[in-house]
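Please treat every number below as a calculation from the coordinates, not as lab data. None of these values were measured; they are calculated from a predicted model. Quick reminder, even Gly has a Cβ in these numbers, built from the backbone with ideal geometry, and neighbours come from all protein chains shown.
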Amino acid sequence: MLLNTLPTATVPLPVAAPAPAIPPRPRSTIAQHPLLTLLTLGYLGVVGLITLGPQPGGAVFHYLADLAMRFVWVVAPESGFGYGDLEFTANVAMFLPVGVLFVLLFGPRQWWLAVLAGIALTMSIEAAQVFLPGRVSDPRDLLANGAGAVLGALVGVALTARR
């Protein structure tokens, strides 16, 4: 009977493993780069105006297009480069910054997300153009804009590569 009278405090308590520490939640990219976010949104607004607004035209647009064509014809007169090629090249050039900016926002490891976002953006634009008077949805624009987003993502990855 004396054995049962031992205090219970002398019985070893089971040892539990400490709970793992919860790592701090990283801040969002938008919070880390507010100026880059504003620049990206501003550029996307310009792309929206160009692609969804009234068809670009006017004296300045025609002057710049003619200037670009004359330059190409002087540099490579036998190239056969025409206004359709100029439009395709301009579409690639317009979406190149989209790819770069998305890689800078999402990070170089998320380059594929920048490409997907650029392609989703151009698909949305082309789908919206179907319903806009004076605008024409063109599959070549999908190809050119998508190529621009891919090239821009590659440039963005190259810019952020650690040396």
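Across the stretch 140-154, computed HN-Hα scalar couplings (Karplus, 6.51 cos²θ - 1.76 cosθ + 1.60, θ = phi - 60°) run 5, 5, 4, 5, 5, 5, x, 4, x, 5, 5, 4, x, 5, 5 Hz from first to last residue, x flagging Gly and Pro. Backbone phi angles across the stretch 88-100, fed through the Karplus curve with coefficients 6.51, -1.76 and 1.60 (θ = phi - 60°), yield HN-Hα couplings of 4, 4, 5, 5, 4, 5, 5, 9, 4, x, 4, x, 4 Hz in residue order; Gly and Pro are listed as x.
Of the residues 40, 89, 51, 122, the one with the fewest other Cβ atoms within 10 Å heads the list, and the complete ranking is 89, 40, 51, 122.
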